There are 2 protein chains.
Amino acid sequence: MEKVTIATVAERAGVSRQTVSNVINTPEVVRAETRERVREAITSLGYRVNQAARQMRTGRSRLIAVRIEPGSDGINGSVLDRFLHGLTDAATLAGYRVMLYTAADDDHEIATYDDLLTAHDLDGFVLTSTHHGDPRTSWLAARDVPFVTFGRPWGAPDTHSWVDVDNAAGTAAATRHLIEAGHRRIGFLGWPAGSGVGDSRRTGWESTMTDAGLTLSAVAAVDGVDAGADAAARFDSAITAVVCASDSLALGALRARPDCAVIGFDDTAVAAAIGLTSVSQPLTEAAARCMDMLTELLDGRAPATPTQLLLPPSLVVRPPRRR
Amino acid sequence: MEKVTIATVAERAGVSRQTVSNVINTPEVVRAETRERVREAITSLGYRVNQAARQMRTGRSRLIAVRIEPGSDGINGSVLDRFLHGLTDAATLAGYRVMLYTAADDDHEIATYDDLLTAHDLDGFVLTSTHHGDPRTSWLAARDVPFVTFGRPWGAPDTHSWVDVDNAAGTAAATRHLIEAGHRRIGFLGWPAGSGVGDSRRTGWESTMTDAGLTLSAVAAVDGVDAGADAAARFDSAITAVVCASDSLALGALRARPDCAVIGFDDTAVAAAIGLTSVSQPLTEAAARCMDMLTELLDGRAPATPTQLLLPPSLVVRPPRRR
DNA sequence: TTGTACGCGTTATCAT
DNA sequence: ATGATAACGCGTACAA
C-alpha cells in the first residue's frame, strides 16, 4: 500500500503532475483523451488529494464549522441536534466536512472563530441561536468570513444571508386548527417577552385570534415543564385550548389543564411519544438551504445581495388519547 | 493584519525558525531565557501554527472523527447526541477537533474512514453503536488506525480499548429499587434477543429477580412506544411493576399498564418530562474516558494491552405522579 | 541552536 | 491549446 501522490498518478498516466492537477481542478483545459487516461490512473491507483497540501497552497480547507450546544439536553435541545444532522448530510453532498466546536458564550465563540480560521483555515461557518445584539455576525462580517445563520438577525439589518423558520406561521396554523375544531377561548403559553423566536410565536397566535375576533389570554413562563404547569394554572378557567411556545411548556399545560386541548412547538420526541399535536420545523430543509447559501458564498457565485429564506413549518396533528 | 508565520516569530525573537518550532513542540530542549523570549513574541504577534503545514510534515491532523446518526430522531436518538457533546468538549480540552460524518451502514462507514484517512489524515476515530459482527473495528485495526469504541466488541475478543456502560447493573439497580418498594411480580419489557445491549439489560433484571427468588416474566418488542404498549399488554395481569430496556418501551408500558410502576432506560428528556424513573448513562464521563484512551493511543503512551472500562449507570428516581 | 531538505499540490511561467 | 518546469506555502526532522 504505497503512498499515492499526484506524482504517482502522473507517472502512471505518462503526463506531468501539472496535467493531473488540471484534470482534477480544471478538466476543461485538458484534451479529452488525456483526461480519460489520467482519470483511469486516478481510480486504478485509488488516488485522493492530500487536503493538507492543497490547503497550504489555496488557503482553503473544505471545512465548515458549527457549534454544538455544550450540555444541551432537555426536550428542546434536540432541535439543534436535528439541524446538525441535516447539515452534516448537506455538507457531505457539497464536498465539505463539518467540524464541531463548543463555546460557553458569544465571546468564547468569537475566540474560537479566530482559532479555527488561523489554525485550520476554516472556509465558513453556520451560526445557530441568533439573538438580539449578537456580536458574532459583525465579527465575521468585518473579516469577510463567509457565514450563514440559521435564525434571523434579530433587531439588526439583513446584511447577511440567513434561513429561518416562520415561527408566527406555525402558531397561526396551530391556532387556526383549534378554531376550526370549535375552540373559542384559546390561550397562549409562551416565554417572557424579549426573545425574537418567542415573540414571533406569540404574534402568530395573537394575530390569528384577533382576525377571528376572539379574546386574547396569554401567560408566560421560562421554558420547562414545571414552570409551564405553574403558568398554565393562571389561565382563566374559561380557556378550552392552549397554544404553546414549546413542547416543554405544552407538557406543563397538559398537566395543569388536563381538560384543555394543547398544541406544542418543535415536534420533539416527547410530542411524538405522548401523542401531542405540535408545530414541526423543517430542520433538514433548513440545513440544506443553509448549506446551499454557504456554498454559493464559498464558490463566489453568491448574488450581490444576501439571500433570506423563511421556511414554513407544518402542524403535526395527533389524535388526542387518554393520558 | 499581516500573516504571521513561524518566520515572523523567529525574526521578532531573534532566533531561527527551528528554535520557535522547538519552543512549541519540545520546549525542554530550549534554554529558559530563549524560550521566554520566543513565547513573548508568539503571544504579542498572536501567532498560531498552521495546521496544514504541520500536518503535511507530521502526517497528523489533530482531528478525530465521529459518526452522527443520519436521521436520528425519536426518543433514544438523543443518547448519542449527548455523547457527542461530551466528546467535543473532551477533545477540545485535549487539543483535538471533532469532525463529523454520516454513514448509511458499516460499508459506507468504512469507505468514509478510507477517505478521511487519506484526504484529511484523521488521527483517530471514536466508534459508537458497536454490534455483533462489526466489520469496522477489524478494518481499522488492520491498518493500525488508532480508535476507541463506545460500546463493547460484542461477540469478539477485546483486542482494542473500549468504554461501555454496565447495562446489566442499570437494570439490576432498577429491579432492586422495585423490590425494595415492595414489588414481587416485576416484568421485563425488552428488545428481541440478539442485541448485546438489549440482552445485557435483560440479564440485570433476570439475575436480580432470580437472586431474590422471584418469578420471571418477560416480553419483547422492537423499540417504540406503540410496540411497547402492545407487548406490555401481554404481561400476565399479576405484574405490578415493569423494568424496560428503553424509555420508549417504558412509555408504551405506562400506556398499556397504567396501574404498574414502570422504570425506563436512558433517562431521556421524555423521562424527565413525564416524571418517569429511568436508568441514566454517564455519557459525559464515557465520552471523556474515550478521549483519554484515544489520546493515549495517539501519544504513543498507551499501555501494551488495550484498556476496557465499564461505567456504572445510576438510577434517577422520580416520584410517581398522576398522569 | 541553526541550516537545510522535505512533504504535496497549485499557481505562474515558459515551451511546444 | 497542451503540456512541462519551477517556485511556493509553512512547519518539522535530521544532521551539523
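In terms of its C-alpha gyration tensor, segment B:29-165 comes out prolate, because a/c is 1.5 or above and the ratio a/b outweighs b/c. The relative contact order of chain B, computed from alpha carbon pairs under 8 Å that lie at least 6 residues apart in sequence, is 16 percent. Amide H contacts for residue A:127 (H built 1.01 Å from N in the peptide plane; partners 5 or more residues away or on another chain; cut-off under 5 Å): A:148, A:149, A:150.
Hey, if you drop one equal point scatterer on each alpha-carbon of segment A:1-48 and run the Debye formula without solvent, what base-10 log of I(q)/I(0) do you get at q = 0.16, 0.27 Å⁻¹? With one equal scatterer per Cα and no solvent, log10 I(q)/I(0) is -0.34, -0.95.
As a size descriptor, the averaged projected area of the C-alpha convex hull of the protein assembly as shown was calculated at 34.0 nm².
Each copy carries a label point for residue B:217 at 7 Å from Cα toward Cβ; from one copy, the others' points are 4.5 nm away, ordered from shortest.
Taking amide H as placed 1.01 Å from N in the peptide plane, residue A:188 has its amide H under 5 Å from the amide H of A:217, A:218, A:219, A:243, each at least 5 places away in sequence or on another chain. Assuming R0 = 30 Å, what is the FRET efficiency of residue A:93 and residue B:314, from their Cβ-Cβ distance, to the nearest 0.05? According to the calculation, E is roughly 0.15.
Charge dipole of segment A:167-281 (Cα centre as origin; +1 on each Lys and Arg Cβ, -1 on each Asp and Glu Cβ, all else neutral): 220 debye, rounded to the nearest 20.
Averaging the sequence gap over all C-alpha pairs within less than 8 Å and six or more residues apart, then dividing by the number of residues, gives segment A:1-48 a relative contact order of 44 percent. Here the 3J(HN,Hα) profile of segment A:181-189, calculated from phi with Karplus coefficients 6.51, -1.76 and 1.60 at θ = phi - 60°, is 7, x, 6, 10, 9, 10, x, 10, 10 Hz, Gly and Pro shown as x. The other copies place their residue A:304 label points at 7.2 nm from this one, listed shortest first, where each point is 7 Å from Cα along Cα→Cβ.
Residues whose amide H comes within less than 5 Å of that of residue B:261, counting only those at least five positions distant or on another chain, are B:241, B:242 (H built at 1.01 Å from N in the peptide plane). The equivalent ellipsoid of chain A has semi-axes of 50, 20, 17 Å, largest first, where each one is the square root of 5 times an eigenvalue of the Cα gyration tensor.
Per-residue packing, averaged as other Cβ atoms within 10 Å, sorts the ranges B:245-257, A:48-60, B:206-218 into the order B:245-257, A:48-60, B:206-218, beginning with the highest.
Diffusion coefficient (Stokes-Einstein, Kirkwood radius over C-alpha pairs, 4 °C, 1.567 mPa s) for segment A:197-323: 79 µm²/s, rounded to a whole number.
Suppose every K and R has +1 on its Cβ and every D and E has -1 on its Cβ; what is the size of the dipole of segment A:41-139 about the Cα centre, in Debye to the nearest 20? It comes to approximately 780 debye. Projecting the Cα atoms of A:100, B:316, A:162 onto the dipole axis of the protein assembly as shown, where Lys and Arg carry +1 and Asp and Glu carry -1 at the beta carbon, places A:100 farthest toward the positive end. Each of residue A:31 and residue B:238 was given a label point 7 Å from its Cα along the Cα-to-Cβ line. The distance between the two points is 8.9 nm.
Laboratory data are not the source of any read-out in this text; all were calculated from the coordinates shown. Values in this document were obtained by computation on a predicted structure and should not be read as measured data. So basically every Cβ, Gly included, is an ideal-geometry build from the backbone, and we count neighbours across all protein chains shown.
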